[in-house]
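Only one structure is covered here, and it is reproduced in the block below.
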Amino acid sequence: MTPNPPVADGPIAYVMKRYPRLSETFILNEIRAMERLGARLHLFSLLQPEPPPHHPMVAEIAAPLIAPPPDRGPRLRAFAAAHGGMIAAHPLRYLGALARAAWWSAQAPRPASVWKQFARGGFVALACRRAGVRHIHAHFANAPAAVARFASLMAGIPFSFTAHAKDLYLTPRRVIWRRARAASFVATCTEYNAMYLRDIMGADSGRIARVYHGIDLGLFAPRPPAAAGTAPLILSVGRLVPKKGHDDLIAALARLRDRGIGFRAILVGAGPLRAALAEQIESLDLADRVSLRGAMTHAELIALYREADLFALAPRIAEDGDRDGIPNVIAEAMATGVPVVATAISGIPELVQDGVTGRLVPPRDPAALAGAMAVLLADRPEAQRLAAAGRARLERDFDLWVTTTRLHALMGGACCAPATARPRLLAEAMS
């Protein structure tokens, strides 16, 4: 059955694997902007919310947050009640969703995963029906999109999803095709991803929309001039996982030290590679220059950007195919006026254009990375030129209010009002 037509004034449901989450500021930014631009939202977290600390912006979100009970017994009872409610409300739709789940599970390498998303889908469907939700949007093409589709099938509400990076490239192409064909649209955050999706979708590629993750530029004041006589600060931010290439960055920092270049470096993030990276720092005798910091709130990170003289990130495609899109931290550094050196993979060249808005080097090449950093540390006028061009690029194509307005329109929303929302945020950022 086809979804019901949207109710023009109904709320939008957001389905996420875990919300709030410290490492997913791009989703928080979008939700916050949606609300500031007039959208009414209901948020669904498939897992229990991440424990504190949370970004301060989380407290600004007005939308109710719904998550299944954490304990197995209450969760199963909640799911059973929800499915019972959907059977009573829409028996034919429910049977259609059940038949799809049975067919997909018969083809899946892990059938239990299909039934898990089906169970969650009923929970989301009943809550959406009771709230009068007009559209369901999932962040990530894997489990959240599967849940959104099941909820759409059961409740007759249109759905869409945003595909990012790991979720897109580690999900089988046939599954992406199946979900995307059923969605009213599929958003993705880079042209690199959009090309991959168009290749999957073929004749149906018209439903693919490239919508960059927007930046609230009002939150990022230009960094002050560095104090004379202080060693320049190189900053890197990202989860401590293989695709971020932190080991290549640390090797490049050792090369800078060996060339007699003075610097301090801070690597911000948490993850499974922390012990290995700490050991690498010790083995290269960099402990007096390079420090590992844990995860930070967004407010803490914004303050640290303003201290940095150079931002460096060395992403690569991991052995399992996992990769970044355009890391939000690159855009945030550029918004603060910090010159950027990064690797030329995935969607990064869409923002960091070599010699125009920053410097790009090949992935897995510490020597090239060290060379690019050395040039910008030595040539401050060139670094400032690139930083100014980077900020201008963001203002042109990565403004949060423009990107969020477009996304809201794709969901069937009326035109938002960024002109009224932006000054309020700028005033708040300056207070």
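The values are calculated or read from the model by the stated rules, or taken from the named source; none is laboratory data. Note that the structure is a prediction, hence the values are computed from the model and not measured. As a convention, Cβ positions derive from the backbone with ideal geometry for all residues, glycine included, and neighbour counts pool all protein chains shown.
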Give me the pairs, please: first residue somewhere in segment 290-305 and assigned by TED's automatic domain parsing to the domain that holds Leu235, second residue anywhere and among the β-branched types (Val, Ile, Thr) and part of a strand (DSSP E or B), beta-carbon distance under 6 Å, and either six or more positions apart or on two chains. Ser291/Ile266; Arg293/Ile266; Arg293/Val268; Met296/Val268
Of everything in segment 311-341, what is surrounded by 21 or more Cβ atoms within 10 Å (Cβ to Cβ), over 21 Å from Asp216 (Cα atoms), over 18 Å from the mean Cα position of the chain (by Cα) and not β-branched (Val, Ile, Thr)? Give them in sequence order. Ala312
Positions within segment 27-49 being under 19 Å from the mean Cα position of the chain (by Cα) and closer than 18 Å to Leu400 by Cβ, in sequence order: Ile27, Leu28, Asn29, Glu30, Ile31, Arg32, Ala33, Met34, Glu35, Leu41
Out of (1) surrounded by fewer than 16 Cβ atoms within 10 Å (Cβ to Cβ); (2) within 23 Å of the chain's Cα centre (by Cα); (3) at pLDDT 95 or above, what's the single condition that is false for Pro91? (2)
Could you run through segment 53-102 and say how many residues are among the acidic types (Asp, Glu) and farther than 23 Å from Leu22 by Cβ? 1
Could you please give the count of residues in segment 71-85 that are under 32 Å from the mean Cα position of the chain (by Cα) and buried (at least 16 other Cβ atoms within 10 Å of the Cβ)? 5
Answer with yes or no whether Leu43 is buried (at least 18 other Cβ atoms within 10 Å of the Cβ) and at pLDDT below 95. no
Out of curiosity, is Ala251 within 25 Å of the chain's Cα centre (by Cα), crowded, with 18+ Cβ neighbours inside 10 Å, closer than 23 Å to Asp354 by Cα and not aromatic (Phe, Trp, Tyr)? no
What is the residue count in segment 341-376 for residues that are in a helix (DSSP H, G or I), over 18 Å from Arg323 (Cβ atoms) and aliphatic (A, V, I, L, M)? 8
Tell me, which strands (runs of 3 or more DSSP E) lie completely within segment 264-332 with 1 or more residues that are modelled with pLDDT of 95 or more and charged (D, E, K, R)? 264-268, 290-293
Odd one out for Lys243 among (1) of a type in the set (D, E, K, R); (2) buried (at least 18 other Cβ atoms within 10 Å of the Cβ); (3) in contact with a Leu (Cβ under 8 Å, 6 or more places away or on another chain): (3)
Check Leu65 against each of (1) touching a strand residue (DSSP E or B) at 6+ places or on another chain (Cβ under 6 Å); (2) within 29 Å of Pro172 (Cα to Cα) and name the one condition it does not meet. (2)
Residue set Pro109, Pro56, Pro68, Pro52; condition at pLDDT below 95 and either within 18 Å of Ala155 (Cβ to Cβ) or over 26 Å from the mean Cα position of the chain (by Cα) (or both); output residue Pro109
Does any residue of segment 273-286 turn out to be over 18 Å from Val340 (Cβ atoms), in contact with a Phe, Trp or Tyr (Cβ under 9 Å, 6 or more places away or on another chain), buried (at least 18 other Cβ atoms within 10 Å of the Cβ) and hydrophobic (A, V, I, L, M, F, W, C)? no
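For (1) surrounded by 22 or more Cβ atoms within 10 Å (Cβ to Cβ); (2) assigned by TED's automatic domain parsing to the domain that holds Ile326, each residue gets a yes or a no:
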residue: Phe185; (1), (2): no, no
residue: Ala203; (1), (2): no, no
residue: Ala209; (1), (2): no, no
residue: Gly229; (1), (2): no, yes
residue: Leu235; (1), (2): yes, yes
Assigned to a loop (DSSP other than H, G, I, E, B) and either crowded, with 21+ Cβ neighbours inside 10 Å or touching a Phe, Trp or Tyr at 6+ places or on another chain (Cβ under 6 Å) (or both) - does that describe any residue in segment 97-119? no
Per the filter on segment 199-243, residues free of Cβ contacts under 8 Å to residues at least 24 places away in the same chain and either in a loop (DSSP other than H, G, I, E, B) or not acidic (Asp, Glu) (or both) are Gly202, Ala203, Ser205, Gly206, Arg210, Pro225, Ala227, Ala228, Gly229, Thr230
Look through Thr403, Thr420 and report the one residue that is assigned by TED's automatic domain parsing to the domain that holds Arg210 and at pLDDT 50 or above. Thr403
